[in-house]
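The structure appears below as structure tokens.
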Amino acid sequence: MSKVEYPRILGHRGTQEMFTENGIKAFEYSLANGITGFETDFHLTADGVVVVMHDYDIKRTTTGEGVIETMTLAELKLCKLKNSDETVPTADELFELFDHRRDFYFELELKARYGEYYDDSRMDEYINKLYASAAAHLSHGTYVFTCFDTRILKRVKQLHPDAKVGLISGGLTQALVDAAIDTQCYSIAPTLAGTEQALVDAAKAAGLKVNLWHSETLELWRKARDMGADVSTNNHPVAVLKALREAGLV
């Protein structure tokens, strides 16, 4: 990662400023305003296309209703993102914004869960297709596959030993640090709230990169910085970056 600000701000789902989360315009807005890192989410449609969305159900962020895993891409594309003329993007459509750039960092969250529309075969299809899409567009070394479930991260590593993986968690514990190490993680992403300094230090001593989330204000970003975060996910990345610039911190 090139050093832009420290910790690097990751636009959560692109941004939740100005545009609907996880739409192309949200990412374009953040990119145009200096954001060089992102964290976002992926699902697999019924006909096997990886798409960008946080929830299983599309009701919260689109004009439609239904579960992504039971809908075809064509059915999904009939719906619009709320307050927008955009449709739900595919992973390929999003990643095309970043074709072979090296000045950014991406955390790609696997939202699928075993037993929730995903058996072993379906999970492997999902992992393989997300991996292929990222590899086709994103520069090697600029992205990490993340998840709350170590079983899924271990499967990513089994299928693609070169993949970087990262464990997401709530407040950090030693057990979670140990689990990340056991899973051969590159990074760990605990919540800023509820995470103690000693455990951040332990994670970093073990060689893990740390994402402390969320840092929605200048003060919270400073806290993440002072605790030693490498990156910090943020719902309002442009506003916080502007505040950092005005404070002379970047």
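Read-outs: derived from the displayed coordinates by stated rules, not from any lab. Computed from a prediction, not measured in an experiment: that's the story for all the values here. Every residue, glycine as well, gets a Cβ built from its backbone with ideal geometry; the counts of neighbours run over all protein chains shown.
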Give the span of the range 87-196's Cα atoms along each principal axis, as three whole-Å numbers ordered largest to smallest.
38, 35, 30
Output ordering of 227-238, 159-170, 204-215 (per-residue mean of other Cβ within 10 Å, highest first) is 227-238, 204-215, 159-170
The answer for the net charge of residues other than Thr183 whose Cβ lies under 12 angstrom from its Cβ, with Lys and Arg +1 and Asp and Glu -1, is +2
Could you list which residues have their amide H under 5 Å from that of Gly64, counting only those 5 or more apart in sequence or on another chain, with H placed in the peptide plane?
Lys80
Let me understand the range 181-250 better: what is its radius of gyration from the alpha carbons, and its Dmax, in angstrom?
12.7, 42
For the range 1-149, what is the per residue volume of the convex hull drawn over the alpha-carbon atoms, in cubic angstrom?
105 Å³
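How big is the dipole moment of the chain about its Cα centre under a simple scheme where the beta carbon of each Lys and Arg is +1, that of each Asp and Glu is -1, and everything else is neutral? Debye, nearest 20, please.
Values: 27 positive and 37 negative charges, 117 e Å.
The dipole magnitude comes to about 560 debye.
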The range 8-36 and the range 81-127 have their Cα centres apart by a whole-number Å value of 15 Å
State, to one decimal in nm, how far the label point of Asp120 lies from the label point of Glu246, with both points 7 Å from Cα in the Cβ direction.
5.6 nm
From the square roots a ≥ b ≥ c of the eigenvalues of the alpha-carbon gyration tensor of the range 8-246, which class results: rounded (a/c under 1.5), prolate (a/b over b/c), or oblate?
oblate
At q = 0.30 Å⁻¹, what is the base-10 log of I(q)/I(0) for the range 112-152 according to the Debye formula with one equal point scatterer per Cα and no solvent? Please give it to two decimals.
-1.07
Cα lying deepest toward the dipole's positive end in the chain, options Ala163, Phe19, Gly207, charges on Cβ:
Gly207
Give me the orientation-averaged projected area of the Cα convex hull of the range 163-215, in nm², one decimal.
3.2 nm²
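With n ≥ 4 as the cut-off for DSSP H runs, can you work out [θ] at 222 nm for the chain, using -39500 (n - 2.57) per run divided by the number of residues, rounded to the nearest 500?
Details: 9 runs with 85 residues, N = 250.
Using -39500 (n - 2.57) per qualifying helix, the result is -10000 deg cm²/dmol.
Relative to the present Cα-Cα distance, how much length would full extension add between Lys77 and Thr191 at 0.36 nm per residue of separation? Numbers along the way, then the final one.
Values: separation 114, 0.36 × 114 = 41.04 nm, distance 3.33 nm.
That works out to 37.7 nm of additional length.
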Nearest 0.05, what FRET efficiency do Asp47 and Ala205 give at R0 = 41 Å with Cβ-Cβ as r?
0.35
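Which pairs, out of Lys25/Lys157; Lys77/Lys164; Lys164/Lys242; Lys154/Lys223; Lys129/Lys157; Lys77/Lys242, put more than 26 Å between their alpha-carbon atoms? It would help to have the intermediate numbers written out before the result.
Details: Lys25/Lys157 32 Å; Lys77/Lys164 31 Å; Lys164/Lys242 30 Å; Lys154/Lys223 31 Å; Lys129/Lys157 14 Å; Lys77/Lys242 34 Å.
In this structure, Lys25/Lys157; Lys77/Lys164; Lys164/Lys242; Lys154/Lys223; Lys77/Lys242 exceed 26 Å between Cα atoms.
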